[in-house]
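Peer 1: Please read through the structure below; I'll follow up with questions.
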Amino acid sequence: MKCLLSCSSELSTSKGNTYHFCYDYGYLLLEGEKVLVVNWQPYMEK
C-alpha cells in the first residue's frame, strides 16, 4: 500500500509488513481500513 502522509522513512519487517514513519511515530495499514500507530523504538535500528 501507499504511504498516506509525507513520510520520513519506512521499515520493512521479516514478515513482510511495512511501517511508514513520520519522525518518531509510524503506522501500519491493516485490513478493514484499520491503522496501527507505533512509536519508534531503539531495537528498530537497522
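Peer 1: I'd like the full set of residues that are modelled with pLDDT under 85, surrounded by 10 or more Cβ atoms within 10 Å (Cβ to Cβ) and in a loop (DSSP other than H, G, I, E, B), limited to the stretch 6-23.
Peer 2: Scanning the stretch 6-23 gives CYS7, SER8.
Peer 1: Which one is nearest to SER14 (Cα to Cα), of the residues in the stretch 24-46 that are in contact with a Phe, Trp or Tyr (Cβ under 6 Å, 6 or more places away or on another chain) and surrounded by 12 or more Cβ atoms within 10 Å (Cβ to Cβ)?
Peer 2: LEU28
Peer 1: Can you confirm whether the stretch 28-38 contains a residue that is on the phi < 0 side of the Ramachandran plot, at pLDDT 90 or above, basic (Lys, Arg) and not in a loop (DSSP other than H, G, I, E, B)?
Peer 2: Yes, the stretch 28-38 contains a residue that is on the phi < 0 side of the Ramachandran plot, at pLDDT 90 or above, basic (Lys, Arg) and not in a loop (DSSP other than H, G, I, E, B).
The values are calculated or read from the model by the stated rules, or taken from the named source; none is laboratory data. It should be emphasised that the depicted structure is a prediction, and the values quoted were computed from it without experimental measurement. Cβ: placed from backbone, ideal geometry, glycine included. Neighbour counts: every protein chain shown.
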